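Before any comments, here is the structure.
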Amino acid sequence: MRKLMLTSIMLGVALTMAAQHELCDLDIQVELADNGDATITETRQMTIGDEGTECYIVIGNLNNSRITSLQVSDETGTTYVTEDGDWNVDRSRSEKANRCGIHTTNNGYELCWGVGTSGKHIYQVAYNITNLVKAYTDGDGFNFMFVAEKIKPLPQHVKVTISKPGTEINDSIADIWGFRHYGEINFVNGCIVDETIQPFNDESALIVLARFNKGIFQPAVTVDESFDTVIERAKEGSDYSTQEEEEDDDWLLGLGIAGALIGGAYGLSAYQRKKLRKRLLGDEKLLPWYRDTPVNGDLLQANGIMKALYGGSESTGNLMSAEILRLIYQKAITITMAPYGRNNELRKMLSVKDPATTSWQYHSQDDKLRKDIHQLLYDAAGSDHILQPKELKRYIKENATDLEDLLNLLKTKVPSKNIVPTDAQRVVGMKKFLKEFTLTNERHVEEVGLWKEYLVFATLFGIGDQVRKDMAKMCPEYMEMDNVANAMMNGTEEGILFNNLLITSAAAPTLVSQAIARANGSGGSTSFGGGGGFSGGGSGGGVR
């Protein structure tokens, strides 16, 4: 009896599961025409349950656009009959089989077709939208919902590909953003591709915002509005930065004054850098160690010299880490006990001192850079001034545009013609000394402050871990005296916190660059929020 009941229950569950509708994959191809019209082909891989008679796509709020030329076919190669007039929703499954049509609603259209039999199906739905791309005062484009919210069943995967025959759509002629879903939107093989990375939930939709340079299209419809206004409206409520970039006249003035030293354009080939090293350093193998602090401790200038001589994309991250290590030594960042997590358990955390309480003297752009990084960490820490895990990454993502000046300062380059040979020799000589530290005869603690600078410069050169190990071998009593170096070396909780901060800070310039590019329309992760002012889409659709 129990076996019979269990069999019945399992059969009932299996039948229930089999009866459910599924939308496994939704692939949408959008082909744009010169006049702004679009031909859209949707391929839906579905499992049809026993309930419902038709599939339908909701497209409303069209704003001077129309839907035309609906065609539907399925995996058998059958082309459905397209009915004239308004589609009759109130029919049976058999009456709608192999037929399709357009149902007009108060807000737009529903594109409908019969589901046919239960089971797995692949439906291909093609239709035209007139005037998808419209002309604005400062560009052409659209903000369109290609997949409506509250679609049932929820799509497990969606991919939208937007192309224009004969034109490569890329970052030089277009800006792109995606909203209301978790995904990635990028330029791929001359197309715009927006693809989900998570299945839809009840709040999901798929909206693409795209702006094109004038001359790519000749839209039939003109809107007396700037596309910047469309972008601002769409970004409201999103995690794209919407704040305007502000010019800091004092910063520009300071940069101008320092321009002779650390400004100007830069771009040397490997061959040119080799010639520059030969001219400034002579025979590198014979270059002597330099054991004092080069370029008066100016990390920004030292980093610029190293980039000019050797290149290196990682140098910007190393520079930020070195500046933060110097802030740690200056006690602008310290360890404190603070509540964390749901239970507010006390944990050791990073406390960031208010930069306003520090007497900053601007002897160089390096001083300004360090203060700006200090301010970044303080702002990221929030009102409690405690820099918790992931707060720095989150702050950078949400405030990327505001950090553009800091990023530009981090990327400051030294023109080769402005590099003094002595400075170059001392900077490279310092790195050579640190790399060969164990070859020295020093066995005692001398000039502890200078050893701290060694660690700072070692971090700048990307060899901080090696130098800490060398110091521990050469002078263990120094490591006992220097709490920061000792903590980092021995993996204590304090060291883990400091090391994690340095690792995160090293990635910060790249995060800022990516976030700025993303906010400015170069592609990247989509925003689940925002997308306001869209055309098309709406609410509903799927199977009924």
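Values for this structure:
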item: Region 145-166: number of residues that are open to solvent by 10 Å² or more (accessible area, probe 1.4 Å) and either free of Cβ contacts under 8 Å to residues at least 40 places away in the same chain or part of a strand (DSSP E or B) (or both); result: 8
item: Per-region count, region 204-228, residues among the β-branched types (Val, Ile, Thr) and open to solvent by 50 Å² or more (accessible area, probe 1.4 Å); result: 1
item: Residue 58 being in contact (Cβ under 8 Å) with a residue 24 or more places away in the chain and of a type outside the set (Asp, Glu); result: yes
item: Neighbours by Cβ (under 6 Å, 6+ apart or cross-chain): first from region 516-544, within 30 Å of residue 104 (Cβ to Cβ) and part of a loop (DSSP other than H, G, I, E, B); second among the aromatic types (Phe, Trp, Tyr) and open to solvent by 10 Å² or more (accessible area, probe 1.4 Å); result: 541/56
item: Count - residues of region 397-434 that are over 21 Å from residue 460 (Cβ atoms) and buried (at least 20 other Cβ atoms within 10 Å of the Cβ); result: 1
item: Qualifying positions in region 173-184 - in contact with a helix residue (DSSP H, G or I) (Cβ under 9 Å, 6 or more places away or on another chain) and open to solvent by less than 10 Å² (accessible area, probe 1.4 Å); result: 177, 179
item: Region 67-76, residues that are in contact (Cβ under 8 Å) with a residue 24 or more places away in the chain and open to solvent by 30 Å² or more (accessible area, probe 1.4 Å); result: 68, 69, 71, 75
item: Region 93-108, residues that are open to solvent by 60 Å² or more (accessible area, probe 1.4 Å) and small (Gly, Ala, Ser); result: 94
item: Residue in region 346-364 that is modelled with the lowest pLDDT, counting only those that are open to solvent by 90 Å² or more (accessible area, probe 1.4 Å) and assigned to a loop (DSSP other than H, G, I, E, B); result: 362
item: Any chance residue 170 is outside any strand (DSSP E or B), open to solvent by 30 Å² or more (accessible area, probe 1.4 Å) and in contact (Cβ under 8 Å) with a residue 40 or more places away in the chain; result: no
item: Enumeration of residues in region 192-203 that are in contact (Cβ under 8 Å) with a residue 24 or more places away in the chain and either surrounded by fewer than 13 Cβ atoms within 10 Å (Cβ to Cβ) or within 30 Å of residue 403 (Cβ to Cβ) (or both); result: 192, 193, 194, 195, 196, 201, 202, 203
item: Which listed residue, of 408, 343, is free of Cβ contacts under 8 Å to residues at least 24 places away in the same chain and in a loop (DSSP other than H, G, I, E, B); result: 343
item: Counted residues, region 454-503 - those being out of contact with any Asp or Glu (no Cβ under 9 Å at 6 or more places or on another chain), in contact (Cβ under 8 Å) with a residue 24 or more places away in the chain and not in a helix (DSSP H, G or I); result: 3
item: Residue in region 77-92 that is buried (at least 18 other Cβ atoms within 10 Å of the Cβ), out of contact with any Asp or Glu (no Cβ under 8 Å at 6 or more places or on another chain) and modelled with pLDDT of 95 or more present; result: no
item: Residue count for region 35-52, restricted to those that are buried (at least 19 other Cβ atoms within 10 Å of the Cβ) and within 21 Å of residue 108 (Cβ to Cβ); result: 6
item: Cβ-Cβ under 6 Å pairs, at least 6 apart or on other chains, region 25-48 side farther than 20 Å from residue 190 by Cα, far side open to solvent by less than 40 Å² (accessible area, probe 1.4 Å) and part of a loop (DSSP other than H, G, I, E, B); result: 48/115
item: Residue pairs meeting the criteria (Cβ under 8 Å; at least 6 apart or on separate chains; first charged (D, E, K, R), in region 285-296; second open to solvent by 80 Å² or more (accessible area, probe 1.4 Å)); result: 292/426
item: Boolean, residue 126 is free of Cβ contacts under 8 Å to residues at least 24 places away in the same chain and of a type in the set (A, V, I, L, M); result: no
item: Top-ranked residue of region 376-388 - restricted to ones that are open to solvent by less than 60 Å² (accessible area, probe 1.4 Å) and of a type outside the set (Phe, Trp, Tyr), ranked as farthest from the chain's Cα centre (by Cα); result: 386
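One line per residue, one yes/no per condition, for (1) within 30 Å of residue 238 (Cα to Cα); (2) touching a helix residue (DSSP H, G or I) at 6+ places or on another chain (Cβ under 8 Å):
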| residue | (1), (2) |
| --- | --- |
| 405 | yes, yes |
| 408 | yes, no |
| 438 | no, yes |
| 457 | no, yes |
| 463 | no, yes |
| 469 | no, yes |
| 472 | no, yes |
| 486 | no, yes |
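The values are calculated or read from the model by the stated rules, or taken from the named source; none is laboratory data. Quantities reported herein were computed from a predicted structural model and do not represent experimental measurements. All Cβ positions, even for glycine, are placed from backbone atoms using ideal geometry, and neighbour counts span all protein chains on display. Surface accessibility is based on the protein's heavy atoms, side chains included, excluding ligands, DNA and RNA. Shrake-Rupley method; radii C 1.70, N 1.55, O 1.52, S 1.80 Å.
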